[in-house]
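Quick notes on the structure that follows.
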Amino acid sequence: MKNKSTGYSFYKFLYALVFLPFKFLYRTEVVGLENVPDGGAVICANHSNWVDPFLIVYSVRRKHYIHFMAKIELFKNKIFGCILRGLDMIPVKRDGTDINSVKLALTFLRRDEKLGIFPEGTRLSEDFSAAAKSGAIKIAEKSGKPIIPVHIPRKKKMIKKIKIVIGKPYYINPERKRLSPEEYDGLAQDLMVKIKELDLENA
């Protein structure tokens, strides 16, 4: 595996600091941990709560260094923004294509690190209540890395048991065919279907 980014030491430190109390607050059961490869991958999950990134990080364990893509507004707070940058998280401008964020995401993937994306682009309380964006699909295709679908219950409470289901990795467009914008959008919706199916299969 290639050398990890500079933020990995800080990542490990915060993991040890945060997740000892976290595991008592959220009784997390993980299904499919064996589906997480050692190399680079794009982890994609449904999103309904601010705690979702923590649940993903805790579920895949500390050795998998995840760079989450997050709206740029979160980086404007001096303290929180400093922490996010220290962790090598990726700020994203949500109005249009953010070329710089895509380049940075590809850099991390080429280092065999992992990228975390919520394809819905925002927190939603119901499945399929908004169309998924195709950014995760395009980044996975461009990098040649697999997508790992992850299901997180939309309704969750502290102390109550939460089941996180990690699906098998799969590749986008391995034949390298030219895809239309409509086909990319369709693949994004297919991804959300795969995520939902993880919940149904493991109910």
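The values are calculated or read from the model by the stated rules, or taken from the named source; none is laboratory data. The model shown is predicted, which means the values in this text are computed figures rather than measured ones. As a convention, Cβ positions derive from the backbone with ideal geometry for all residues, glycine included, and neighbour counts pool all protein chains shown.
Annotations for the structure displayed:
- Of all residues making up region 156-171, the number that are touching a Lys or Arg at 6+ places or on another chain (Cβ under 8 Å), aliphatic (A, V, I, L, M) and surrounded by 12 or more Cβ atoms within 10 Å (Cβ to Cβ): 1
- In region 20-35, the residues that are more than 22 Å from ARG154 (Cβ to Cβ) and either in contact with a strand residue (DSSP E or B) (Cβ under 8 Å, 6 or more places away or on another chain) or aromatic (Phe, Trp, Tyr) (or both): PHE24
Let's see how each residue does on (1) surrounded by 14 or more Cβ atoms within 10 Å (Cβ to Cβ); (2) closer than 26 Å to GLN189 by Cβ; (3) in contact with a strand residue (DSSP E or B) (Cβ under 6 Å, 6 or more places away or on another chain):
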| position | (1), (2), (3) |
| --- | --- |
| SER48 | yes, yes, no |
| ASP52 | yes, yes, no |
| ILE79 | no, no, no |
| ASP95 | no, yes, no |
| ILE99 | no, yes, no |
| THR107 | yes, no, no |
| GLY116 | yes, yes, yes |
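- Total residues in region 183-203 satisfying the condition of being assigned to a helix (DSSP H, G or I), modelled with pLDDT under 95 and either loosely packed, with under 14 Cβ neighbours inside 10 Å or among the polar types (S, T, N, Q) (or both): the figure is 2.
- Whichever residue in region 134-151 is of a type in the set (A, V, I, L, M, F, W, C) and closer than 17 Å to HIS67 by Cβ and, among such residues, is surrounded by the fewest Cβ atoms within 10 Å (Cβ to Cβ): ILE139
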